[in-house]
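Have a look at the structure below before the remarks.
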Amino acid sequence: MKVKIKDTEYEIISIHPESPNIMRIEFSGETMPDEWGEITTYTKGGMEAGHVMGYDTVYKAEGRTVYLSNDGSIYHEPEPVIPPEPYVPTPEELLLEAQTAKKREIAEACERRIYTGVSVTLADGTVEHYSLTEHDQLNLFGKQSQLATGAEILEYHADGQPCRYYSAADMQSIIQAAMWHVSYHTTYCNALNMWIADCQTADDVWSIFYGADVPEEYRSEVLNAYLIQIAAMAEVNQNEEEETIS
């Protein structure tokens, strides 16, 4: 197969359009044109096949393959794409991100702890457990209203138990334990948030967890009162255990 360019014939392997403005010619011989212009194509049998006009600019050359353009365009190697440097957050941004995430974590832990509920020792010495989801809390506070009107028996149920009647004294014990439980954890959660807000580094924030001892400077008057009660209750329980053992 051959073509004629500027009155000189050249052996080629193929010639075909690469795009609307680019013609690709692959030469088979060592000789290639120095100048470009009208291209006369021939069949494999040597018969003139046609003329290709206007492709007189070397768009790109790759060895014996030449790409010609008919609009004067020339191929340029694309600029190398340099990936952007990974963004490194500032210490201030890391601190803010940690504080936001930690406060959310603490709030969720507090909610779980409250919803877990309380175990209450009733007048007959039995111990029953009561969950304290928001629905449970509303029910119990409704019972408090019933007590205020002088009700002597009130219907309620422990976890996994059928509804039954409780004496006013037992109902009051359940309500008091529930209110103490909710109020303590809410107060403790607030103290943790104050501690988190005052941290100076993200590492300091991540070291805080639900159940950690709150530094004295972040304990409110209310939390201190609760901690005294907890210590006193722990001491009573320990004394009772020692008496039982002895």
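The values are calculated or read from the model by the stated rules, or taken from the named source; none is laboratory data. Fair warning: this is a prediction, and the values are worked out from it, not measured in the lab. For neighbour counting, all protein chains shown are included, and Cβ atoms are generated from backbone atoms with ideal geometry for every residue, glycine included. Accessible surface areas use protein heavy atoms only, side chains included; no ligands, DNA or RNA. Shrake-Rupley method; radii C 1.70, N 1.55, O 1.52, S 1.80 Å.
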Sites matching GluC sites (Glu not before Pro) across segment 148-246 that sit in DSSP coil, with at most 12 neighbouring C-beta atoms within 10 Å: Glu152
Under the Karplus curve 6.51 cos²θ - 1.76 cosθ + 1.60, θ = phi - 60°, whole-Hz ³J(HN,Hα) for segment 39-52, x wherever Gly or Pro sits: 10, 9, 9, 10, 6, 4, x, x, 7, 5, 9, x, 10, 10
Filtered chymotrypsin sites (Phe, Trp or Tyr not before Pro), segment 87-148: DSSP coil and at most 13 other beta carbons within 10 Å: Tyr87
Most fluctuating residue given options Ile114, Ile39, Ile196, as computed from a GNM of the chain linking Cα atoms under 10 Å: Ile39
Probe 1.4 Å, accessible area per residue of segment 1-74, Å²: 59 Å²
Separation between Cα centres of segment 94-132 and segment 180-211, rounded to whole Å: 13 Å
Percent carbon-and-sulfur accessible area, the chain, ignoring ligands, DNA and RNA, probe 1.4 Å: 53 percent
Viscosity 1.306 mPa s, 10 °C: Kirkwood-radius Stokes-Einstein D of segment 112-166 over Cα pairs, µm²/s: 132 µm²/s
Label point at Ile13 placed 7 Å out along Cα→Cβ; residues across segment 41-83 whose backbone nitrogen lies under 16 Å: 61-67
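Once the Cα gyration tensor of segment 1-44 is found, what semi-axes does its equivalent ellipsoid get, as square roots of 5 times the eigenvalues, in whole Å, sorted largest first?
So the equivalent ellipsoid measures 16, 12, 10 Å along its semi-axes.
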Alpha-carbon radius of gyration plus Dmax, which is the widest Cα pair, for segment 103-227 in Å: 17.4, 56
Estimated D of the chain in µm² per second, where Rh is the Kirkwood radius over Cα pairs and Stokes-Einstein applies at 20 °C, 1.002 mPa s: 81 µm²/s
Net length gained if the chain between His76 and Ala49 were fully extended (0.36 nm per residue, minus Cα distance): 6.4 nm
Local electrostatic count at Lys143 - Lys and Arg +1, Asp and Glu -1, tallied over other residues with Cβ under 14 Å: -3
Reach of Lys2 by Cα under 23 Å, taken over lysines that are not fewer than 8 positions away in the same chain: Lys44, Lys60
Volume of the Cα convex hull of segment 76-119, divided per residue and given in Å³: 101 Å³
